[in-house]
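Structure first, commentary second.
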Amino acid sequence: MRKYNEQNINRSTKAVWAGEKEYRVHGASQVPVVHSVAYTYDDLDDWYEVAIGNKKGHIYGRNTNPTVESFEQKIKELEGAEAATSFSTGMAAISNSLATFLKPGDRVVSIKDTYGGTNKIFSEFLPQMNIDVVLCETGNHEQIEKEVRKGCKILYLETPTNPTVKITDIKRMVKSAREAGALVFVDNTFATPINQNPLEFDVDLVIHSATKFLGGHADALGGAACGRKELVEKIYHYREINGATMDPMAAYLMIRGMKTLHLRLKQSCDSALKIAKYLQSHEQVDQVFYPGLEDHPGHDIAKKQMRQFGGMLSFSMKGGLDAVREFLPKLKYANRAANLGAVETTVGPARTTSHVENTPEERAELGIPESLVRYSVGIEDTQDLINDLEQAMAHIPEKMVAKR
């Protein structure tokens, strides 16, 4: 029998209990939603000590909030971080984290296959601030290493990527960044802390769109950044002044959702692998993107750094965009929506979801075909989802596939 130790508690247990007991009141078994904007103090000196951070407490909702702090503690423990801070959205987490450490003249190295909003930051907004951005081919580790050796302030990675679920070798990239004196940021949204912990590979900062798998119910927006205390404190300071604060109700919903994260991911990941194999053999499907498939270019790396292969997959259709138009409306057990990571299966083309901000030409440059369908596997019965895909595929006219 394994000797009891707080450090040995499994992630499934942490997802339920971490960061909660301290914030419960009046014997409640759940963390309350604290909506108060401000916090009152009778003693002026106590107030001042809390305000300057010398004493634990809260003064104003834009800075901290008890419910939000409970969420931060939970994600901190799940990622094994020294500290964590939260944001109003996942994009706020990304943009605030980058803005905290970058100044005009700095250089960022990243990959082409990042979420569309992230790509826009790299291709549009950072260059306007005179920050040099180099986007490398995802999976071309030699090219990334070469660019990092030229010097950079931040190496920014997303693995698995959105929407083509490509994989980057985290350990290898961290080694290259350390030699160049660069910080390494990893977007861990697709993997979740249940399946992957980049901090174990000496990454500096892990970023999440908590809106997705962490919340899991498609009813709350939020983001998080976890890592070394000194880095997180700087990001928190930037966020508290710039104001991208997580709402207390959103934090409560995230806490609720994270309690079932481990169970949800187990079902989603098991189904995703079976669905990917099914799609791989389907005559209507041109290509399937899922790291759990043995012929996926990043399969061996994913096996080393992930516990499961994730609940996200994508696939391109032989009939092109016309086939997608025929297929999607026929699905009965999938929300056609620009979201992912929910208990319900969610589906949509990249052109209306992850990369809607990009032009068709930009998507082509990023290697995203217009016929690509992003499929976020929910917690439904696996065979029901496969049957649903099968009946929807049957509505695609044969001539549409034959002409390709």
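The values are calculated or read from the model by the stated rules, or taken from the named source; none is laboratory data. Bear in mind that the values here come from a model prediction, so they are computed numbers and not experimental data. Positions of Cβ are generated from backbone atoms using ideal geometry, with glycine treated the same way; all protein chains shown enter the neighbour counts. With ligands, DNA and RNA removed, areas are computed over all heavy atoms of the protein, side chains included. Shrake-Rupley method; radii C 1.70, N 1.55, O 1.52, S 1.80 Å.
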Length gained, Lys55-His26, 0.36 nm per residue minus C-alpha separation, equals 8.2 nm
Sorting Asn119, Ile94, Leu78 by the position of each Cα along the dipole of the stretch 45-188 (Lys, Arg +1; Asp, Glu -1; all at Cβ), the one nearest the positive end of that ordering is Asn119
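Return the FRET efficiency for the residue pair Phe125, Arg62: r is the Cβ-Cβ distance, R0 is 35 Å, and the value is rounded to the nearest 0.05.
Once the sixth-power term is evaluated, E becomes 0.90.
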Between Glu370 and His141, the two model label points (7 Å from Cα along the beta-carbon direction) sit apart by a distance in nm of 3.7 nm
Between the modelled labels at Val356 and Tyr48 (7 Å from Cα along Cα→Cβ) the distance in nm is 5.1 nm
In nanometres, the difference between 0.36 nm per residue of separation and the alpha-carbon distance of Asp270 and Asp219 is 15.9 nm
Across the alpha-carbon set of the stretch 253-404, Rg over Rh with Rh taken as the Kirkwood radius works out to 0.96
Comparing Gly257, Gly341, Gly151 in a Gaussian network model of the chain (Cα, 10 Å), the one with the largest mean-square fluctuation is Gly151
For Tyr252, the accessible surface traced by a 1.4 Å probe with all protein chains present amounts, in square angstrom to the nearest 10, to 70 Å²
Restricting to lysines and to Cα separations under 16 Å from Lys150, and discarding same-chain partners fewer than 8 apart, the set is Lys175
Calculating Kirkwood radius over Cα pairs in Å from this structure picks out, from (i) 20.8; (ii) 22.8; (iii) 22.0, entry (iii)
Cα-based Rg then Dmax for the stretch 53-120, in Å, read 15.1, 44
For Asp45, the accessible surface traced by a 1.4 Å probe with all protein chains present amounts, in square angstrom to the nearest 10, to 110 Å²
Note on the chain, DSSP bridge orientation, antiparallel percent to nearest 5 equals 60 percent
Calc'd 3J(HN,Hα), the stretch 273-279, phi into Karplus 6.51 cos²θ - 1.76 cosθ + 1.60 (θ = phi - 60°), Hz, glycine/Pro = x, comes to 5, 5, 5, 4, 5, 4, 5
Going through Lys212/Lys259; Lys55/Lys103; Lys55/Lys234; Lys166/Lys330 one by one, the pairs whose alpha carbons sit over 26 Å apart turn out to be Lys55/Lys103; Lys166/Lys330
Residue span Ser12 to Ala338: 0.36 nm per residue of separation minus Cα-Cα distance leaves a gain in nm of 114.6 nm
quick note, the stretch 36-171, DSSP beta bridge pairs, % antiparallel (nearest 5) is 10 percent
Under a 1.4 Å probe, counting only protein heavy atoms, Lys103 has an accessible area in Å², nearest 10, of 110 Å²
In debye to the nearest 20, the charge dipole size for the chain, taken about the Cα centre with +1 at each Lys and Arg Cβ and -1 at each Asp and Glu Cβ, equals 600 debye
Of the residues Tyr238, Thr353, Tyr48, the Cα lying farthest along the dipole of the chain towards its positive end, which is defined by charges on the beta carbon of Lys, Arg, Asp and Glu, belongs to Thr353
The answer for the chain, accessible area per residue at 1.4 Å probe in Å², is 44 Å²
Under 5 Å from the placed amide H of Val285, counting only residues 5+ away or on other chains, we find Lys318
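Provide the percentage of antiparallel DSSP beta bridges, counting only those with both residues in the stretch 165-253; round to the nearest 5.
Working: 5 of 8 bridges.
Close to 60 percent.
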Summing -39500 (n - 2.57) over every DSSP H run of at least 4 residues in the chain and dividing by its residue count gives a helix-only mean residue ellipticity at 222 nm, to the nearest 500 deg cm²/dmol, of -11000 deg cm²/dmol
The answer for Gly378, listing residues at least 5 apart or on another chain whose modeled amide H is closer than 5 Å to its amide H, is Thr345, Thr346
